[in-house]
Structure formats: C-alpha cells, structure tokens
1. Which residue pairs have Cβ atoms under 6 Å apart, sit 6 or more places apart or on different chains, and have a first residue in region 21-38 that is in contact (Cβ under 8 Å) with a residue 40 or more places away in the chain and of a type in the set (Val, Ile, Thr) and a second that is assigned to a helix (DSSP H, G or I) and open to solvent by less than 60 Å² (accessible area, probe 1.4 Å)?
2. Being of a type in the set (Asp, Glu) and exposed (fewer than 11 other Cβ atoms within 10 Å of the Cβ): is that true of GLU22 here?
3. What pairs can you find where one residue is in region 41-63 and closer than 16 Å to LEU31 by Cβ, the other is surrounded by 11 or more Cβ atoms within 10 Å (Cβ to Cβ), and their Cβ atoms are less than 6 Å apart, with a gap of 6+ or different chains?
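The values are calculated or read from the model by the stated rules, or taken from the named source; none is laboratory data. Everything numeric here is computed off the predicted structure, so don't read it as measured data. Cβ sites come from the backbone with ideal geometry, for glycine too, and all protein chains shown count toward neighbours. Each accessible area value is taken on the protein alone, full model and side chains, heavy atoms only, with ligands, DNA and RNA left out. Shrake-Rupley method; radii C 1.70, N 1.55, O 1.52, S 1.80 Å.
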Amino acid sequence: MIMTKLLILMAEPYDKKEVVFETSVAEFLVLRDLVYCNCSLLHLQTKMKSHMLKAYKEFYDAIESIYEMLEQDEIKAYWDYIKNYRIKGCILH
C-alpha cells in the first residue's frame with residue numbers, strides 16, 4: 001500500500017504542489033526506513049541534482065520530526081508486528 005501512495009505522490013495529481021494522505025504507523029515506519037536508507041547512500045547523494053537533494057533532506061527532516069512525536073512503546077510494537085507477521089490465505093496473522 002505504501003508503494004501505491006508514493007506513486008500517487010510522485011505523479012503530482014492534478015498539478016497540486018501539496019498532497020495529503022493518511023498512513024498507518026507501520027507504513028510510516030517503513031517509509032522512514034526507506035528514506036533513511038536512500039539518504040545514506042553516497043552514490044545517490046552524488047548523482048542527485050542539488051535542488052532534489054535539498055528537497056529530499058527536507059522530506060527526511062519532516063519525517064524525523066513526526067517520528068520524534070511517536071511513543072517508543074508504540075514504535076516497538078509496530079516493528080515487532082512488521083518483523084514477525086505471517087501471511088495465510090492473504091490475511092496477516
């Protein structure tokens with residue numbers, strides 16, 4: 001689901017500069033990890049244009065400010081869920 005939401009954002013629907021969408025805490029944690037990993041890859045930093053790198057860092061900072069507002073117990077519970085989920089008949093258990 002997170003990939004679908006990211007694709008919608010990349011398409012800039014209806015030429016809007018700002019799009020608001022809802023994510024679950026689990027989706028947010030995965031997005032945070034993706035952004036962090038991409039931000040730490042040196043080859044991406046050297047290949048990105050400066051204005052794109054600046055926008056990406058602003059996005060990373062915004063994600064980090066939201067992350068700091070979350071309860072650590074809640075974060076741990078969601079990470080445990082993400083790491084240990086099982087799929088049976090297309091249903092998460």
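1. That search, which allows pairs on different chains as well, returns VAL30/ILE2.
2. Details: of a type in the set (Asp, Glu): yes; exposed (fewer than 11 other Cβ atoms within 10 Å of the Cβ): yes.
Judged against the criteria, GLU22 is a match.
3. TYR60/VAL35; TYR60/CYS39; ILE63/ARG32; ILE63/VAL35
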